[in-house]
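The values are calculated or read from the model by the stated rules, or taken from the named source; none is laboratory data. Remember, predicted model here, so these are calculated numbers, not experimental data. Neighbour counts are summed over all protein chains in view; Cβ atoms, including those assigned to glycine, are modelled from backbone coordinates with ideal geometry.
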Amino acid sequence: MIGIATNTAAVDVVWRNLMGAVPDAVIVSDASGQIVYVNTAVTRFFGYQPTDLLGQPVEILVPRTVRGQHKSHRAAYHSEPRRRFMGFGSDLRAVRADGSEFPVAISLGYTTSPSGNLVIAIVQDLSDLRERDRSIENLTQRMVRDTKLEEVNKELEAFSFSVSHDLRAPLRVVDGFSQVLKEDYFDKLDDYGRDCINRIRTAAQRMGQLIDDLLNLSRITRSDMVTTDVDLSAMTREIVEMMMAAYPDQKVELAIEEGMVAHGDARLLRIALENLLSNAWKFSSGQPTARIEIGRSKSTRGETYFVRDNGAGFDMAYADKLFGAFQRMHNAQAFPGTGIGLATVQRIINRHSGRVWATSEINKGATFYFTLFQEAGNGIQYNPTG
Amino acid sequence: MTKPSELTLVMVDDNADEIFLTRRQVRQDGIVNNFVSERKPERLIEALGELSKAGIDKNKVLILLDINMPRANGFEALGVLRAHPQYKDIPVIMLSASDDEADMFEAFDLGANGYVVKPFKSDEFFAALSNIPSVKHQLVQ
């Protein structure tokens, strides 16, 4: 031991063992920058024997290119010593006995001794970060895999787009020729024949609607996202005005929370809100006074938006089917629709890396919740589109 | 739309049912009475030549051209027509089951005068016709 007083030999032994066990390199230098102590890890890190280093300027461990800089930093440090962390990552490097360099993190401490002031540098070898790099690489590979999955999804989407597209032509024939029959032969048919034609026409038109819905749904997945700050409160008010104009006879009590601004694709978010609000309208149409509430709740993991109504609700036993395409919870007589609305909402929320879910009780209304761009609590989360 | 125009509508579509239904529709709604159909897009110029031979003024011809057809598709047929010295100025309305904007832009880039998505309503077709200056004055309102 040079320059550090010890009270007893026992303390000295404990101290030496301790320093030997420290996984990081510990280098003590005096006010002139000469190395006065190194622990055993230094040999492992730098390839020097302790005797090679003692009495040498500490710059021996600093890459040649920054040695000059280091000297002036050292002088500045001695004039205003304090505990500090010098840096982390590839910007800070040390040099081994063989001249090779490696990335380090360095913490500095300061103490006084009978022989003068001492600087204690604790050096961590960051070469081990390669391990972490490897796990990042694994993650990257997973992302590439998921990207491929996304491509497959897109192909599937393109396939469903072209199939629905191609279905239009034969459907047009069914619809067109049943119309010809109706126009030219209706008076030649009896009631049964007329009923048949009407049924064909109704079904053809419904199928046309389903195909249009499918195509629109597929467009939502295929379109490019343009994200900006979106004023959901203002957007809700606009949609609500449209709904009130479309259903002037329905009495609706509204509560819209002000100041809901979210980051997202305005066009898509409008479609999602339109679907949720039009559902709220539709399913509360049986109430003497419909109550529809649009708001948000904040939690540590971000904001959750909700659309709540006091309408017909649904059985929670079927909650998992709620967001499937063409899934319907009610019969068409009571509540018309093709069952594409919530599937559309889910795709839009998925594209915003968010979640959508609902709670309900039959005849007591339903609440639909959604989040946007929600970070996962642990690690990196990303949601491929589709 | 009380009286059909003097225009001759040439419909190019590989689907006989589409031709039947469209012919019926444009006649029924009094848009045009003279209706000629051609199921092979590569025969478009030939069909126009036959019309000329039959004494039909090419200035009173209007083409309704389907996009998705086997062999030469509607865009190719449109390209051939627009490069033809004699018939290059005949107005063309593209007919498609696709309302994809990219298809519409491509159609107008290639020199189409209108674009309707099938199945179309007669007023949509009439609106497309009204947008073509050389056709507009021939329409009877």
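What the table shows:
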read-out	value
Hits in segment A:199-247 (condition: within 28 Å of the chain's Cα centre (by Cα), among the polar types (S, T, N, Q) and in a helix (DSSP H, G or I))	A:Asn216, A:Ser218, A:Thr221, A:Ser233, A:Thr236
Residue within segment A:257-264 that is among the charged types (D, E, K, R) and in contact with a Ser or Thr (Cβ under 9 Å, 6 or more places away or on another chain) present	yes
Test: residue in segment A:330-347 that is in contact with a Ser or Thr (Cβ under 6 Å, 6 or more places away or on another chain) and in the same structural domain as A:Glu257 (by TED's automatic domain parsing)	yes
Residue tally, condition more than 14 Å from chain A (Cβ to nearest Cβ) and either assigned to a helix (DSSP H, G or I) or hydroxyl-bearing (Ser, Thr, Tyr) (or both), over segment B:91-104	1
Criterion violated by A:Arg296 - all others in (1) in contact with a strand residue (DSSP E or B) (Cβ under 6 Å, 6 or more places away or on another chain); (2) within 13 Å of A:Ala366 (Cα to Cα) satisfied	(2)
Failed criterion for A:Arg291 (all others in (1) surrounded by 16 or more Cβ atoms within 10 Å (Cβ to Cβ); (2) farther than 30 Å from A:Asn363 by Cβ; (3) not aliphatic (A, V, I, L, M) hold)	(2)
Among residues of segment A:136-146, those that are at pLDDT below 80 and either within 13 Å of A:Arg219 (Cα to Cα) or surrounded by fewer than 11 Cβ atoms within 10 Å (Cβ to Cβ) (or both), counted	0
Wholly enclosed helices (runs of 4 or more DSSP H) of segment B:1-82 bearing at least 2 residues within 14 Å of another protein chain (Cβ to nearest Cβ), crowded, with 18+ Cβ neighbours inside 10 Å and at pLDDT below 95	B:16-28
Test: residue in segment A:288-301 that is at pLDDT below 85 and touching an Asp or Glu at 6+ places or on another chain (Cβ under 8 Å)	yes
Check on B:Leu129, away from every other protein chain (no Cβ under 14 Å) and either over 15 Å from B:Leu7 (Cβ atoms) or part of a loop (DSSP other than H, G, I, E, B) (or both)	no
Residue within segment A:316-323 that is basic (Lys, Arg) and more than 25 Å from A:Arg206 (Cβ to Cβ) present	no
Residue check, A:Asn216 in contact (Cβ under 8 Å) with a residue 40 or more places away in the chain and not assigned by TED's automatic domain parsing to the domain that holds A:Gly259	yes
In segment B:105-124, the residues that are part of a helix (DSSP H, G or I) and either farther than 21 Å from B:Leu44 by Cα or within 14 Å of chain A (Cβ to nearest Cβ) (or both)	B:Phe105, B:Ser122, B:Asp123, B:Glu124
Enumeration of residues in segment A:260-295 that are under 20 Å from the mean Cα position of the chain (by Cα) and free of Cβ contacts under 8 Å to residues at least 40 places away in the same chain	A:Val261
Residues within segment A:158-181 that are more than 13 Å from every other protein chain (Cβ to nearest Cβ) and touching a helix residue (DSSP H, G or I) at 6+ places or on another chain (Cβ under 7 Å), tallied	1
Any pair with Cβ under 6 angstrom, 6 or more apart, that starts in segment A:109-121 at a residue that is within 25 Å of A:Pro23 (Cα to Cα) and ends at one that is charged (D, E, K, R) and loosely packed, with under 14 Cβ neighbours inside 10 Å	A:Gly109/A:Arg83
